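The values are calculated or read from the model by the stated rules, or taken from the named source; none is laboratory data. In this text the structure is predicted, and so the values were computed from the model without any measurement. Cβ: placed from backbone, ideal geometry, glycine included. Neighbour counts: every protein chain shown.
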Amino acid sequence: MDRSENNKYEYKGSLSAADTDIPVTEPDRQYFFMDKVKKLTEKRVQELGRPLTFHVTTFGCQMNARDSEKLRGILLKCGYTESESEDADLVLYNTCTVRENADNKVFGRLGVLHGYKKKNKEMMIGLCGCMAQESQVVEKLRKSYPFVDIIFGTHNVYMLAEILYERLSEHRKIIDVREKADGIVENLPLERKYSFKSGINIMFGCNNFCSYCIVPYVRGRERSREPEAIVCEIKKLVADGVKEVMLLGQNVNSYGKTLDHPVSFADLLRMVNEIDGLERIRFMTSHPKDLSDDLIDAMAECDKVCNHLHLPLQSGSDRLLADMNRHYTKEKYLSIVDKIRNKIPDIALTTDIIVGYPGETDEDFEETMDVVNRVRYDSAFTFIYSKRSGTPAARRDDQVPEDVVKARFDRLLTTVRSIGEEKAKALTGKTLPVLVEEVNRQDPSLVTGRLTNNSVVHLKGDKSLIGQILDVHLDECSGFYYYGTPVR
């Protein structure tokens, strides 16, 4: 059964009590269930005379993308075969709930899956991730989407095999959403999207509680991984051909504070930089409130750290920054930018900006525009404020009129694009290293890669170049990307 007291859902199966040989420690417990599911899968494959297929669709951030790699790895270990189509025997939606349109997109896609399920009696549909941590979403799924078979949240992604075994054995809906994480489970199987680069979780959760943000409520409080475990994982990835890693956390600058023996993020960067064979290090997201001088020094010292920093602004108004609970001022933010550019003159700076936060006045917006014009970002993710139920900002009664928000948003976007294009053109004619990532989707005679500053470059080539770092002459700039020629 599933329990629903106090709007919390948590399923604890009866099978565990009956099976005395189930390991009690992780990840051994999950490998036990992977073997159990594989036996069921193999039996069904023989009966059907075809593979059982799965598809994982990821919505949201790099943290979700990394979780999806774990989900894919577990399912492959369980005997499923991956499919590029959502018309599969098992479809998992790993969801995001940062903005309302993310929720709506998922609900719309579930309707399409229902059509597939009517034609395939084998099909199971699962929803996990951030949306599942919201009790009102789970209730909506129960009432309006009864065809969804399994629902689990962010805190027990690692339990997919166990949840799946319960579903296959008892043939009923499983809802298993945990209020908090039990701990960090290491050494699970995963299937990487790219052979040459990988995201690495260095921490989970967030302690910042920005007034507009749902993340701390759905991801939980901060938990940092031990640095030795992170370094060990990266060394294994490098031995497997990985050249670039992205260190992931909701706020990497606060990494290590929850460890028994605290380690700073700057210290971790230096450790990772020493790994032989690794060529590039990226990280995100970096909160301005605790970006230390030592971290700036580490970025400048470590030759493998890419010359790109994503530093969310959100607003240039001190009044709104205080209301947002951001813990820095406009001048503090600008002083950080000055320090970074003094140490790393060629660094590319990108940011996040919210337009239309409750109570935003014309004066507040002009403060934001002033920061944009002074910092001159290489690019920016600009968002119209999205009300998230359960956050302090959502309860405000001074929401900004839609037409006002749109006019401000359009003006901001025009300025950001103009500055970005101007900065991009300044690199035309230079020869810089490019990590080739894929065959170009529009023109198969081209391959596409990235500079260390994260800019996209298209160049002549084929799939044999994927994963290589090439020196490329930047022949032409077209907006935010380049066309280049490899320098042999």
Residue check for S195: closer than 23 Å to V272 by Cα, among the small types (G, A, S) and over 15 Å from the mean Cα position of the chain (by Cα):
yes
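Does S317 fit the bill of being surrounded by 22 or more Cβ atoms within 10 Å (Cβ to Cβ) and touching an Asp or Glu at 6+ places or on another chain (Cβ under 6 Å)?
Values: surrounded by 22 or more Cβ atoms within 10 Å (Cβ to Cβ): yes; touching an Asp or Glu at 6+ places or on another chain (Cβ under 6 Å): yes.
It is true that S317 is surrounded by 22 or more Cβ atoms within 10 Å (Cβ to Cβ) and touching an Asp or Glu at 6+ places or on another chain (Cβ under 6 Å).
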Apart from one, (1) at negative phi; (2) more than 23 Å from the chain's Cα centre (by Cα) all hold for K257; the odd one out is (2)
Near pairs, Cβ below 6 angstrom, 6+ apart or cross-chain, from segment 382-394 (touching a residue at least 40 places away in the same chain (Cβ under 8 Å)) to any residue that is assigned to a helix (DSSP H, G or I) and small (G, A, S):
K387/A394; R388/A394
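For A322, indicate whether it is of a type in the set (G, A, S) and at pLDDT 95 or above. Talk me through it step by step, then tell me what you get.
On the way: of a type in the set (G, A, S): yes; at pLDDT 95 or above: yes.
In short, yes.
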Going through L92, L127 one at a time, which residue ends up being within 18 Å of C61 (Cα to Cα) and touching a His at 6+ places or on another chain (Cβ under 8 Å)?
L92
Lone unmet requirement of (1) outside the structural domain of L76 (by the TED database); (2) at pLDDT 95 or above for F152
(1)
Conditions: (1) over 17 Å from L247 (Cβ atoms); (2) touching a residue at least 12 places away in the same chain (Cβ under 8 Å). D303 meets all but one. Number of the miss?
(1)
Residue by residue through segment 344-380, note down the ones that are farther than 21 Å from E421 by Cα and loosely packed, with under 15 Cβ neighbours inside 10 Å.
T361, D362, E363, E366
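Out of segment 331-343, which residues are under 13 Å from L311 (Cβ atoms) and over 26 Å from the mean Cα position of the chain (by Cα)? First the steps, then the outcome.
Let us first name the residues in segment 331-343 that are under 13 Å from L311 (Cβ atoms), namely 332-341.
If the condition is that a residue be under 13 Å from L311 (Cβ atoms) and over 26 Å from the mean Cα position of the chain (by Cα), then K332, L334, S335, D338, K339, R341 are the ones that fit.
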In segment 129-168, what residues are closer than 21 Å to L113 by Cα and in a loop (DSSP other than H, G, I, E, B)?
Y145, P146, F147, V148, D149, G153
Tell me, yes or no, whether segment 167-188 has at least one residue that is of a type in the set (G, A, S), under 28 Å from N104 (Cβ atoms), touching a residue at least 12 places away in the same chain (Cβ under 8 Å) and not assigned by the TED database to the domain that holds L113.
yes
Just one of (1) free of Cβ contacts under 8 Å to residues at least 40 places away in the same chain; (2) closer than 25 Å to V98 by Cα; (3) outside the structural domain of G359 (by the TED database) trips up V436, so point out which.
(2)
Please verify whether segment 374-390 includes one or more residues that are outside the structural domain of H473 (by the TED database), over 23 Å from the mean Cα position of the chain (by Cα), within 30 Å of E476 (Cβ to Cβ) and in a helix (DSSP H, G or I).
yes
Among the candidates L190, L160, residue that is farther than 19 Å from C61 by Cα and of a type in the set (A, V, I, L, M, F, W, C)
L160
Which of the strands (runs of 3 or more DSSP E) contained wholly in segment 404-483 include at least 1 residues that are modelled with pLDDT under 95, of a type outside the set (D, E, K, R) and over 29 Å from F365 (Cα atoms)?
469-478
Can you tell me which residues in segment 14-69 are at positive phi and modelled with pLDDT under 95?
G60
Looking only at segment 121-146, count every residue that is surrounded by fewer than 13 Cβ atoms within 10 Å (Cβ to Cβ) and either in contact (Cβ under 8 Å) with a residue 24 or more places away in the chain or of a type in the set (S, T, Y) (or both) and tell me the total.
3
Since G199 meets every condition but one in (1) closer than 21 Å to T452 by Cα; (2) touching a Ser or Thr at 6+ places or on another chain (Cβ under 8 Å); (3) not hydrophobic (A, V, I, L, M, F, W, C); (4) not in a helix (DSSP H, G or I), which condition does it not meet?
(2)
Check segment 463-481 and report whether any residue there is among the hydroxyl-bearing types (S, T, Y) and either under 30 Å from S315 (Cβ atoms) or in contact with a Cys (Cβ under 7 Å, 6 or more places away or on another chain) (or both).
yes
By residue number, the members of segment 50-109 that are in contact with a Lys or Arg (Cβ under 9 Å, 6 or more places away or on another chain), touching a residue at least 60 places away in the same chain (Cβ under 8 Å), in a helix (DSSP H, G or I) and crowded, with 19+ Cβ neighbours inside 10 Å are M63, E69, R72, K77
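Which ones in segment 217-232 are touching a residue at least 24 places away in the same chain (Cβ under 8 Å) and either farther than 13 Å from T154 by Cβ or not in a loop (DSSP other than H, G, I, E, B) (or both)?
First, the residues of segment 217-232 that are touching a residue at least 24 places away in the same chain (Cβ under 8 Å): 217-227, 229-231.
Result: Y217, V218, R219, E222, R223, S224, R225, E226, P227, A229, I230, V231.
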